[in-house]
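The values are calculated or read from the model by the stated rules, or taken from the named source; none is laboratory data. Worth saying up front: this structure is predicted, and the values here are computed from it rather than measured. We place every Cβ from the backbone using ideal geometry, glycine too, and count neighbours over all the protein chains shown. Side chains included, ligands, DNA and RNA excluded: accessible areas come from the protein's heavy atoms. Shrake-Rupley method; radii C 1.70, N 1.55, O 1.52, S 1.80 Å.
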Amino acid sequence: MQKIGVFVCWCGSNIAGTVDVAQVVEAVRQIPDVAYAIDYKYMCSEQGQELIRKAVADYKLDRLVVCSCSPRMHEATFRKCAEGVGINPYMVEIANIREQCSWVLKDKDEATAKAIKLAKAAIAKVRFNGALKPGESQVVKRALVIGGGIAGIQTALDIAEAGYKVDIVEKEPTIGGRMAQLDKTFPTLDCSACILTPKMVDAANHENITLYTYSEVESVSGFVGNFDVTIRKKARSVKSDMCSGCGICTEKCPSRKTPSEFDMGLKNRGAIYIPFAQAIPKVPVIDREACIKFKTGKCGICSKLCPAGAIDYTQTDELITEKYGAIVLATGFKTISLDKFGEYGYGASKDVITSLELERLTNAAGPTEGHLVCPSTGKEPKKVIIVSCVGSRDVSGRGKSYCSKICCMYNAKHAMYIREKYPDVDVTVFYIDVRTPGKGFDEFQRRAVEEYGVHYVRGQVGKVVVDGDGKLTVFASDLNSGRKLMLNPDLVVLATAVQPSSDARKLATMLTASIDNDDFYVEAHPKLRPVESPTAGIFLSGMCQGPKDIPETVSQAGAAAVKVVGLLAKDKLLTNPCTAQCDTSICSGCLACTHVCPYGAITGESKQVITKLGVRETRTVAVVNNALCQGCGACTVACPCGAMDLQGFTNQQILAEVSFRSEE
């Protein structure tokens, strides 16, 4: 006879505030095979676990049901507790009466009735649970970091310093990311390049780090500890091992009609180019769509002038396959398109620019060598207006509903920079709210007002009108005074919303990583596992997970690195025993399961089997590689003859749960 113990958690008032836990306990006590049932305020606490251990010893319990929060939170906790008193950890079932009950229902009677049903269903399932034993898989002692911005660089450096090999894959021709485009960083106003460039050099020179720039991840397969990744190293048309980075080719290239991506289109670059002076690797790339040689077969000036003979027009993409134990996503961000925000005049006037374009104008290595000018005239502006929250906190459906988090601070930074270098320039910032939640951030923003005389107006800009001769008129409102304003600035700067990079969704699909409605990667738990993806072995670093500033990004990069090092330090990992199994006696050999398995864990093999009728025959059947199987269950659904079943979630167990509920 089975002896089931049922333990109902209050979770403080999270459950007990809506569910009558005493009534739940009383209801489950009447169920056959339930030998013991009790409620406790915090079942996950040491005292709660001790209560479980004591009950197992006193009542000789052989399987447990815990009615508590989501199994994502504390299933491992209760399994470990059970294992400590001699019960197989897979003899534990969690009835989620918090997220699926008390948090979604307000009526106490209704919530209590549902909690009882959930508890009874878990009891029905645990009757058919069997003892499972996890297997083992080897851990590849190498990590992959996708993205070469400050987040990716810092993550890679920390992992490499721990003694493990790291590969950085960056889609641009150089590492550095968005931070390389900035002039100064808040709140210290340090030179961005002065902070970033040494990190870039360290990454390039580190013996444990390999850089794959101008490259993209082509495919990913495998599982935690053993990922198989194919990287497409795109053809630069320049031999990296021969190029000295002298720059002669970039200077002499006659094709100069392509806007520079690094300078936000404020100046043109050659068809063969190095994005910026401190680029790593300092090897040029030929843009084949702009190159005269590739378009017409003529020119070839770069090849003729290259003293090292490094130009190679016949170079092709290279596919590199490597194994990794862990993967870190550090794919960064981009700013939103302003096509839907025509009221601000962006595109209608060269003097309406984005904040990132202002960064390039004020940068000494930028298109104007650090001189702030109006792009239309080349003259210094006398009046500058900065517009906050363009596309952020948007309720019109054109932008993003979230706060981009960094805009208030970089608006203050830009205003202070302009006022310091050009004291006669009048700077006005229009804002909805000023949000400065960081160490020294509020003081920094107040300095802009109190020391630099920046005008902050709480209100929104309704429209920017460009007249026939290019002059700007800004129509806005001052919410504090209730006045309507009409201003004539020389330069308008739009603080645009940030969003994940364009390849975030593609990578999420490739890695089976979760993303939210805005395409930011979702963490396994926002408080307890903020740098881990729900997919084991995938970690998050930087703005790919959500808007954040540089200090927060570097902190998260270090945290992700620690998690990776903790994984790579293990020689073996315990594999999930809840894997698929095939009943070869009824398997028809159709192999439909092999087509739906996302992990390549099922193959067809010719084996001698005994059918249900007792006939011995040799035929093709499905065989599951338990080391590769991740227990997703896709094969059990696809199997037309019911031969595939999932251990821990067998058809018998699932039907027992459903049948118990249908009897209510």
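Any residue at all in region 32-42 that's buried (at least 18 other Cβ atoms within 10 Å of the Cβ), over 22 Å from Asn129 (Cα atoms) and not hydroxyl-bearing (Ser, Thr, Tyr)?
yes
Taking Thr512 as meeting all but one of (1) over 23 Å from Phe223 (Cα atoms); (2) of a type outside the set (Asp, Glu); (3) at pLDDT below 90; (4) touching a Pro at 6+ places or on another chain (Cβ under 9 Å), write down the number of the exception.
Only one criterion is unmet by Thr512, namely (1).
Count, please, the residues in region 614-664 that happen to be at pLDDT 85 or above, open to solvent by 50 Å² or more (accessible area, probe 1.4 Å) and part of a helix (DSSP H, G or I).
Going through region 614-664 one residue at a time, the tally reaches 6.
Filter region 536-563 down to the residues that are open to solvent by 30 Å² or more (accessible area, probe 1.4 Å) and either modelled with pLDDT under 95 or more than 12 Å from Thr155 (Cβ to Cβ) (or both) and list them by number. Spell out how you get there, then give the answer.
Start the filter on region 536-563 by keeping residues that are open to solvent by 30 Å² or more (accessible area, probe 1.4 Å), which leaves 536, 545, 550-552, 554-555, 559, 562-563.
If the condition is that a residue be open to solvent by 30 Å² or more (accessible area, probe 1.4 Å) and either modelled with pLDDT under 95 or more than 12 Å from Thr155 (Cβ to Cβ) (or both), then Ala536, Gln545, Ile550, Pro551, Glu552 are the ones that fit.
What number of residues within region 86-104 are under 21 Å from Glu26 (Cα atoms) and either touching a Gly at 6+ places or on another chain (Cβ under 8 Å) or surrounded by fewer than 18 Cβ atoms within 10 Å (Cβ to Cβ) (or both)?
Number of matching residues: 2.
Give the residue, chosen from Val457, Val464, Val474, Val492, that is modelled with pLDDT of 95 or more, outside any helix (DSSP H, G or I), in contact with an Asp or Glu (Cβ under 6 Å, 6 or more places away or on another chain) and open to solvent by less than 90 Å² (accessible area, probe 1.4 Å). Don't jump to the end; show me each part of the working.
Details: Val464 fails: in contact with an Asp or Glu (Cβ under 6 Å, 6 or more places away or on another chain); Val474 fails: in contact with an Asp or Glu (Cβ under 6 Å, 6 or more places away or on another chain); Val492 fails: in contact with an Asp or Glu (Cβ under 6 Å, 6 or more places away or on another chain).
Of Val457, Val464, Val474, Val492, the one residue that is modelled with pLDDT of 95 or more, outside any helix (DSSP H, G or I), in contact with an Asp or Glu (Cβ under 6 Å, 6 or more places away or on another chain) and open to solvent by less than 90 Å² (accessible area, probe 1.4 Å) is Val457.
Within region 495-522, can you find the residues that are hydrophobic (A, V, I, L, M, F, W, C), within 21 Å of Val328 (Cα to Cα) and in a loop (DSSP other than H, G, I, E, B)?
Ala513, Phe520, Val522
Please tell me if Thr316 is modelled with pLDDT of 95 or more, open to solvent by 40 Å² or more (accessible area, probe 1.4 Å) and farther than 30 Å from Val224 by Cβ.
yes
Pick from Pro281, Pro275, Pro254: which is in contact with a Leu (Cβ under 8 Å, 6 or more places away or on another chain) and either surrounded by fewer than 19 Cβ atoms within 10 Å (Cβ to Cβ) or part of a loop (DSSP other than H, G, I, E, B) (or both)?
Of the residues listed, the single one that is in contact with a Leu (Cβ under 8 Å, 6 or more places away or on another chain) and either surrounded by fewer than 19 Cβ atoms within 10 Å (Cβ to Cβ) or part of a loop (DSSP other than H, G, I, E, B) (or both) is Pro281.
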